[in-house]
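Below is one structure, written out as structure tokens; the observations come after it.
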Amino acid sequence: MSPGPQDRVDPGVLRAALPAPPAVLAEVFSADRLDLVLAYADLLATDGVVRGLIGPRETPRLWERHLINCGLLAAALPADATVADVGSGAGLPGLVLAIARPDLRVTLIEPLLRRTTFLEEAVERLGLDNVTVVRGRADALHGVATYDVVTARAVAALDKLATWCMPLVAPDGALLAMKGTSALAEVAEAAKTTRCLGCAPAVVEELGAELAADGAVEPIRIVRLSWADPARVSLPLRAQRAPRGARGGSSRRKRRKS
């Protein structure tokens, strides 16, 4: 890792806040990938905290809330898929998917330099040869590249996310947005936007229910968004505007003429 203020922090102190991995970890990740998961958890608990990519209060719940949570998504991806993780941050879920599924080719898209620096170093430290790190916003790749699957976690509300991410989705691909209890509400609020973009009705799916039966994990909810008519998707896709009134933020009142 690059020298800096983090070198003055005792990694042992930071690691002490990371609990032992739970037994359910072996049910989410295959045995031959567990060492990589443990190494990535160590990076998050040390460099990730020092660099401000995750908060120190997240370390005690790193397994369940982050790594297992993202690992559950891996089962929903098709074999040998190309994946773009938009707003990857510390690599959640993109790096977790690359660890869990070596058959995937994962591109981590993140605009902030300090985050892409961490991601590049993490990829090198973990020896992942199926990951590419791209510094930039999703719309910078509109018309440049498309992917079988586009993922996002805690990036934006679904209406904005669809506008940013769907131009990256291949005709037969899908956006898989990790959402919480707000999933159904966001689908309803984004319906006009997604329809205007040419999407089929969004589908909310629950993953990990079989492991949640005994209380080992919390199931996750994802919103799956795909094209209504793949044959009509024209490539390369360019950035598309959300319909008027569908964007987030407060609306401005028109000024009265004096």
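The values are calculated or read from the model by the stated rules, or taken from the named source; none is laboratory data. The structure displayed is predicted, hence computed values, not measured ones. Ligands, DNA and RNA are excluded from the accessible area calculation, which covers all protein heavy atoms including side chains. Shrake-Rupley method; radii C 1.70, N 1.55, O 1.52, S 1.80 Å.
Some points to look at:
- Exposure of ARG65 as accessible area (Å², to 10), given a probe of 1.4 Å and all protein chains: 120 Å²
- Three-way shape label, region 96-223, alpha-carbon gyration tensor, a/c 1.5: oblate
- Residue-span extension gain [ALA39 to ALA212] - 0.36 nm each, minus C-alpha spacing: 59.8 nm
- Under a 5 Å amide H cut-off, with hydrogens placed 1.01 Å from N, ALA81 pairs with ARG105 among residues at least 5 apart or on other chains.
- Overall form of region 72-143 per C-alpha gyration tensor (a/c, 1.5; a/b vs b/c): oblate
- Remark: the THR181-VAL144 segment gains 10.0 nm on full extension, using 0.36 nm per residue and subtracting the alpha carbon distance.
- Solvent exposure ordering (accessible area, 1.4 Å, most first) of VAL86, VAL13: VAL13, VAL86
- Heavy-atom SASA rank of LYS179, LYS160, LYS192 (probe 1.4 Å, accessible area, largest first): LYS192, LYS160, LYS179
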